[in-house]
Structure formats: structure tokens, C-alpha cells
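Notes for the one structure printed next.
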Amino acid sequence: MHCAGWYTFFMSKLRVGVLRGGPSSEYDVSLITGGAVLNAIDSDRYVPVDLLVDRSGVWHVRGREVTIPQALRNVDVIFNAMHGEYGEDGTIQKVLNTHHMPYTGSGALASAVCMNKLTTKRHVESLAEEIGFKLAPHAIVDADSLYSQDITRTFDQFAPTAVIKPLTCGSSVGVTIAYSFPEFKEGVVKALTHAPKVLIEKYIAGREATAGVLEHFRGQHLYPLLPIEIIPPSKCSFFDYEAKYTSNETQEICPGNFSSGTKRELERFAQAVHERLGLRHYSRSDFIVAPDGIYFLEVNTLPGLTPASLIPKALKAVGCSFQEFISHLIGLALHRR
């Protein structure tokens, strides 16, 4: 093919900007997710463009600092591979909306709601009553609580075991389980380094599970991915950041060893949460399967897509390649435009 032909061929492809990094505690995970997406983009159909946002929020294209309008001028659609603050809380979604740029994942409002664990709970309370899943009892504390009797009363409310979570972080960043008051206070201090408010929940003993949802796939409006059972290594009391990304000992069984009835319930609950919260394209909901029922924990609007992440494992179990998944999401974003 002569030079002009190659130029025409290249320019006829859609340019997909893969947005990764960002000023977030999940910066490193986002880099890996974005790298996996860049490698999986179908080069016969698309031209991948690496859009790196550094920890200070500055955008880069091919190692060069650029303004946001400059970066977006060179792409047709954004694949949002960011996690945590800025990328998953509605901030970048508002920016992309302002520039009329189509993007993968949920919109600004749904992202903001789901980034906050308390607002997520409030939005699904009525749904839980309607369809039968449970929510763990909870309380909210802040820095002022550490210097009053409130912190003691809160611990007494959840003793002997409490789960402590920053209100607005993902990937289990800053999450601890406390079995004593000193551990509880230490856990609250740790969580406050990640967010100004902390969610305290009753510890629910049971089996950890997660269930993904993919929109408009294989003829279904909300296609349920097979639920995964998560068995953390014995040194981890739950599926924390270390178990997710740095340990090779976590067992992730797909499909999980649940009864057929429990699997159907997990799928149904994940679909209902996705729809009730107004999510878009795909999501992954986390649950605890306890003796007294299934407890909803939280939803991930931009689940990790690293080689160690759960969504790629669930896709493989249903015979969907990672490249097919990436192309499907790009198509959903373009269809919206």
C-alpha cells in the first residue's frame, strides 16, 4: 500500500484514549488496568492512545504535558481505566461531559453516589427490602469522634468485631477489622488518613462473593457474569488490598461453590443494584453469603481490569475474551454518542 493509502487506512480508525493514573490512592492499580486495556484494544479497529494523568492531576500524551482540551482533541472516545478519587467519583465524568466526549463506564451522578459508601447504602435500602438482600448495620464517625465518648459508644455498638472503612475509597484501601477497642481506634485513625469520614459496619461472618454485570451482551439487557467466591489467605482476615493485588494465595473460584439458588440470587441482586443505582456499561457488586442471608457490601462502578482482577476471570469463565470485552465497552460508549 502506498503512503497515501496507509494514511487513509490509519485515519479511518477510531482513536481510543485510555485514561489511567490520576490523583488517587489507587494510582498504581489504575496504571496496570490501563496498560491491560491498551494491550487488549483491537488494533484492526482502533488506534489506542495512552492518556496518563499523573498524581498531581496533570495530563500527558506520549510523555508530554498537555491540557485536557489538547488531549481530548486527539481521540474519538475515552476508555476510563481510572480508579478511586477523580476517576471514579464523578469528577472526570463531569469533565468529559463538558467536552461532549463519549466514555466507558457510569455517568457523573451515579459515579458520585457509588463512590460514597453511605449514599450507596441509602440508595439501595428500599431495594434490599423489595428483593431480599441484607445490609450490615452501620455508623459514621469523623476526627472529632476520636476525642469524645462517641468513639467508645460506637465501638460498644459493634463489639466484639467491627469493620472500619474510609467512606470514599475503593480496592479496600484503608479498611481494617477490629477485635478490640485499641484496634478499633487505630483502625479509625488509619481510615481517616484516606477520607474525612469513616464508615463503621457490623462484621458479618460468611463467604465472600462478587458478581459482575455487563450491559447489552449476548442478547441480554443486563448479562450476569458468574459469581466468584473469594477465599483470602489465612494471614488475611478479609479480601483486603494485599490479598487483591500482592498475594498469590487468595483463591478466586469462578463459578463459586455456592448452591444453584445462591448463585441465581447473587446474579439477580447484582443486576438489580446496577439498575437501581443507574449504572452504565458494567459493574461488579460485592456480597457476603452468611447463614442468615446475603449481605450487599458495595458496588464497583469501574472494577479493576488487571491480570489479577476479578472481572477478567469472570469473563474467561463465560468464554468472553478480554479483547472482546474491551471492544464491547467501546461500542457501548460510542453508541451513546
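The values are calculated or read from the model by the stated rules, or taken from the named source; none is laboratory data. Being a predicted model, the structure only gives us computed values, none of them experimental. Cβ sites come from the backbone with ideal geometry, for glycine too, and all protein chains shown count toward neighbours.
Okay, here's what the table says:
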item: Qualifying positions in the stretch 88-121 - assigned to a loop (DSSP other than H, G, I, E, B), at negative phi and touching a residue at least 40 places away in the same chain (Cβ under 8 Å); result: Glu88, Asp89, Pro102, Thr104, Ser106, Gly107, Asn116
item: Test: residue in the stretch 103-114 that is within 30 Å of Gly261 (Cα to Cα) and touching an Asp or Glu at 6+ places or on another chain (Cβ under 7 Å); result: no
item: Number of positions in the stretch 177-186 that are in contact (Cβ under 8 Å) with a residue 24 or more places away in the chain and either small (Gly, Ala, Ser) or over 16 Å from Tyr147 (Cβ atoms) (or both); result: 1
item: Qualifying residue in the stretch 178-192 (condition: buried (at least 16 other Cβ atoms within 10 Å of the Cβ), at negative phi, more than 21 Å from the chain's Cα centre (by Cα) and assigned to a strand (DSSP E or B)); result: yes
item: Breaking point among (1) assigned to a helix (DSSP H, G or I); (2) at pLDDT 95 or above; (3) over 30 Å from Val49 (Cβ atoms), for Glu208; result: (1)
item: Pairs with Cβ under 6 Å, 6+ apart, first in the stretch 134-145 and outside the structural domain of Lys121 (by TED's automatic domain parsing) and farther than 14 Å from Lys185 by Cβ, second surrounded by fewer than 13 Cβ atoms within 10 Å (Cβ to Cβ) and of a type outside the set (Asp, Glu); result: none
item: Subset of the stretch 207-223 that is in contact with a Lys or Arg (Cβ under 8 Å, 6 or more places away or on another chain) and of a type outside the set (Gly, Ala, Ser) - its residue that is nearest to Ser259 (Cα to Cα); result: Thr210
item: Every pair of residues 6+ apart whose Cβ atoms lie under 7 Å, when the first sits in the stretch 49-74 and is surrounded by fewer than 14 Cβ atoms within 10 Å (Cβ to Cβ) while the second is among the β-branched types (Val, Ile, Thr); result: Glu65/Val58
item: Asn39 being at pLDDT below 95 and either surrounded by fewer than 21 Cβ atoms within 10 Å (Cβ to Cβ) or within 19 Å of the chain's Cα centre (by Cα) (or both); result: no
